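Step one of this worksheet: look at the structure below.
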Ligand code: ADP
Ligand code: MG
């Protein structure tokens with residue numbers, strides 16, 4: 001396709017772009033001409049209103065057209081920059097009527113203006129009615145470029161100034177825009193009265209000033225992105241559905257009432273019967289939903305949302321046992337080694353004969369080999385581990401189920417890494433942070449959602465207090481701990497040290513010094529230390545000691561953020577709490593109050609803005625994880641909160657998932673309708689081509 005290829009020409013073909021600028025463009029993600037056409041302005045400067053010189057005011061950003069009355073320039077001397085200065089008037093004979101306005105430029109060697117010439121200027125008017133380093137253009141007969149329009153302001157990159165980017169874009173618009181193809185089927189374009197992609201691209205670079213037209217243009221281009229994404233995901237889904245079906249078809253027959261679909265004599269039923277408590281209604285319902293999925297003959301693709309402490313692990317175990325009963329294996333992936341270890345030790349003796357193994361990065365070569373052999377040979381039914389379970393030396397004999405715990409801590413590629421081969425395994429991803437539908441739609445195309453909306457009985461909400469981090473507050477906490485922890489009060493506590501961004505080393509220093517301090521300050525208590533840089537076996541020993549009640553206080557980095565389940569722990573202290581996201585604080589708080597005793601959480605706040613303090617108060621005043629997550633999403637955006645940064649969702653050039661939800665739904669239903677009528681897209685070659693170019697063409701029957 002020569003035309004499609006034309007736009008994939010390297011940006012180096014744009015006039016004036018040499019190797020250095022090519023590298024600078026590449027830092028902006030612009031490698032091809034098409035990338036350049038889709039490098040849209042971050043904002044526009046409104047230079048439409050050209051004002052007479054006599055009305056410019058100090059402090060304004062002004063656009064003017066003027067006549068150069070005089071010009072002088074001065075070389076650099078004793079440390080000062082070269083300077084060029086012009087006196088400007090409104091008209092050729094303007095000096096008679098108005099005071100001249102000055103313009104100065106620093107460090108522009110060789111720059112001159114001829115007296116009497118007409119110029120357009122745009123810039124800030126500083127004190128003494130003087131433009132400083134304004135943009136300037138000598139006017140000929142053609143209309144001015146630097147004033148009289150909405151001026152695009154592009155993302156900045158070193159080595160590229162705005163002027164150069166504008167010139168390059170203009171060049172690309174002229175040379176290549178006409179070659180751009182419209183892949184959207186006519187019926188869809190007409191239905192929404194979309195403009196052509198060419199005119200939409202042009203409108204975003206140089207808006208006509210008509211707000212409606214600009215919005216339509218933006219909508220069109222955002223729709224294109226969302227539509228391509230959905231068409232790709234949906235066609236893949238169709239292909240999966242058409243493929244050979246699920247790996248394990250559980251023996252359970254799907255019944256009308258989900259609660260009854262797990263027979264008491266099945267492995268899963270016996271496991272539930274063996275528990276010291278009864279599953280909550282929500283757990284029973286969700287286990288039923290999973291049983292039906294796994295009996296359906298189509299790979300399950302299910303998201304399990306449940307607030308911290310709602311008992312997601314039990315549901316996952318039920319699913320594993322269903323898989324095991326059908327002769328399949330499960331990969332159970334947790335984000336941290338500490339959590340993987342915890343799951344392993346809690347589960348290994350409770351799986352009623354199904355065998356579990358633990359695989360993390362810190363296993364020795366020989367141990368690791370033993371585990372991978374047992375998986376390949378099918379002797380192990382449940383492999384619990386970190387992302388180490390994704391390594392290439394792990395080969396399952398019959399992988400039937402993938403469970404991802406705390407899914408927001410994984411990248412999308414990791415989550416999907418095991419979803420290969422035929423038949424595809426079932427997939428269950430679990431999270432305490434609700435994922436907005438826009439995201440589940442865009443990452444997974446589709447995902448059935450189960451919700452654990454009920455806490456096990458007897459839970460008391462964790463009391464949360466926000467304290468300013470002062471010596472007095474510290475004193476109070478120490479006294480409290482002395483009274484309530486250890487032999488006297490029986491309680492256990494976590495002390496989470498400040499999160500120090502992007503530096504494990506600093507995190508380590510902080511946790512070590514806090515550990516030493518607390519050991520001295522609380523001589524009666526048994527204080528333990530846990531951090532991410534400890535060896536696997538050490539972490540394991542510390543966690544077990546804490547879980548077994550052999551330590552009273554666990555000083556830790558955020559390695560304990562998710563999943564840790566030590567029911568006797570009742571107190572959580574979070575230092576420098578303002579550095580954490582709201583959902584994260586809620587997760588941390590969820591580590592306590594998991595047993596019969598009520599939990600308490602203290603958020604120690606260091607220096608923070610009013611807004612930071614408000615966030616802490618918001619966490620303190622709500623125990624509803626979903627509400628907190630929603631607030632967090634609004635604040636930090638979905639990429640941060642739901643762990644989708646790596647996915648490239650932010651790679652959209654126009655669409656914005658926080659704003660374009662309606663558009664996403666529209667794109668999805670249009671894509672679905674189209675694929676239904678033309679599953680192989682044989683009647684839509686340009687769309688096929690566009691999908692193929694994005695690497696997302698997996699059409700049913702054509703892969
Ligand atoms: P999360 O949803 O945060 O992963 P867990 O699965 O770790 O929660 O469960 C939290 C705690 O609640 C565990 O100690 C677990 O044994 C206990 N638990 C789970 N389900 C029930 C239930 N139905 N009744 C009582 N305790 C339960
Ligand atoms: Mg959990």
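With segment 423-475 as the region, which strands (runs of 3 or more DSSP E) entirely inside it contain at least 2 residues that are surrounded by fewer than 22 Cβ atoms within 10 Å (Cβ to Cβ), in contact with a helix residue (DSSP H, G or I) (Cβ under 8 Å, 6 or more places away or on another chain) and at pLDDT 90 or above?
In segment 423-475, 463-468 are the strands (runs of 3 or more DSSP E) which contain 2 or more residues that are surrounded by fewer than 22 Cβ atoms within 10 Å (Cβ to Cβ), in contact with a helix residue (DSSP H, G or I) (Cβ under 8 Å, 6 or more places away or on another chain) and at pLDDT 90 or above.
Please identify the pairs in which a residue from segment 585-603 that is assigned by TED's automatic domain parsing to the domain that holds residue 566 and in contact (Cβ under 8 Å) with a residue 60 or more places away in the chain has its Cβ atom under 7 Å from the Cβ atom of a residue that is in a strand (DSSP E or B) and within 12 Å of ligand 1 (Cβ to nearest atom), counting only partners at least 6 apart or on another chain.
591/569; 592/569
Among the residues of segment 364-378, how many are in a loop (DSSP other than H, G, I, E, B) and in contact with a strand residue (DSSP E or B) (Cβ under 9 Å, 6 or more places away or on another chain)?
Final tally of qualifying residues: 1.
Given the conditions (1) modelled with pLDDT of 90 or more; (2) within 16 Å of ligand 2 (Cβ to nearest atom); (3) outside any loop (DSSP other than H, G, I, E, B), report the number of the one that residue 592 does not fulfil.
Going through the list (1) modelled with pLDDT of 90 or more; (2) within 16 Å of ligand 2 (Cβ to nearest atom); (3) outside any loop (DSSP other than H, G, I, E, B), residue 592 breaks only (3).
Regarding residue 603, is this residue surrounded by fewer than 16 Cβ atoms within 10 Å (Cβ to Cβ) and not in a loop (DSSP other than H, G, I, E, B)?
No; evaluated as a whole, the condition is false for this residue.
Determine whether segment 239-254 contains at least one residue that is at pLDDT below 95 and under 30 Å from residue 41 (Cβ atoms).
no
Could you grab the pairs with beta carbons closer than 6 Å, sequence gap of 6+ or different chains, first residue in segment 387-407 and over 18 Å from residue 424 (Cα atoms), second one away from ligand 1 (no atom under 16 Å from the Cβ) and part of a strand (DSSP E or B)?
From segment 387-407, the pairs are 388/359.
Within segment 299-311, count every residue that is out of contact with any strand residue (DSSP E or B) (no Cβ under 9 Å at 6 or more places or on another chain) and away from ligand 2 (no atom under 14 Å from the Cβ).
Residues in segment 299-311 being out of contact with any strand residue (DSSP E or B) (no Cβ under 9 Å at 6 or more places or on another chain) and away from ligand 2 (no atom under 14 Å from the Cβ): 0 in total.
Hey, among the residues in segment 326-338 that are within 14 Å of ligand 1 (Cβ to nearest atom) and surrounded by fewer than 24 Cβ atoms within 10 Å (Cβ to Cβ), which one's nearest to the chain's Cα centre (by Cα)?
Among those that are within 14 Å of ligand 1 (Cβ to nearest atom) and surrounded by fewer than 24 Cβ atoms within 10 Å (Cβ to Cβ), it is 335.
Which residue is farthest from ligand 1 (Cβ to nearest atom), if the candidates are limited to segment 292-325 and must be over 24 Å from residue 349 (Cβ atoms) and part of a helix (DSSP H, G or I)?
Per the criteria, the residue is 295.
Which numbered condition trips up residue 284, out of (1) more than 12 Å from ligand 1 (Cβ to nearest atom); (2) surrounded by fewer than 23 Cβ atoms within 10 Å (Cβ to Cβ); (3) closer than 22 Å to residue 426 by Cβ?
Answer for residue 284: the failing condition is (1).
Can you name the residue in segment 547-557 that is in contact (Cβ under 8 Å) with a residue 24 or more places away in the chain and within 16 Å of ligand 1 (Cβ to nearest atom) and is also farthest from residue 337 (Cα to Cα) among such residues?
Ranking the qualifying residues of segment 547-557, first place goes to 549.
Within segment 599-615, is there a residue that is more than 16 Å from ligand 1 (Cβ to nearest atom), over 26 Å from residue 520 (Cβ atoms) and touching a strand residue (DSSP E or B) at 6+ places or on another chain (Cβ under 7 Å)?
yes
Out of the residues in segment 141-162 that are more than 23 Å from residue 210 (Cβ to Cβ) and in contact (Cβ under 8 Å) with a residue 24 or more places away in the chain, which is surrounded by the most Cβ atoms within 10 Å (Cβ to Cβ)?
Only one residue fits best here, namely 160.
The values are calculated or read from the model by the stated rules, or taken from the named source; none is laboratory data. None of these values were measured; they are calculated from a predicted model. Here Cβ is always computed from backbone atoms with ideal geometry, including for glycine, and neighbour counts include all displayed protein chains.
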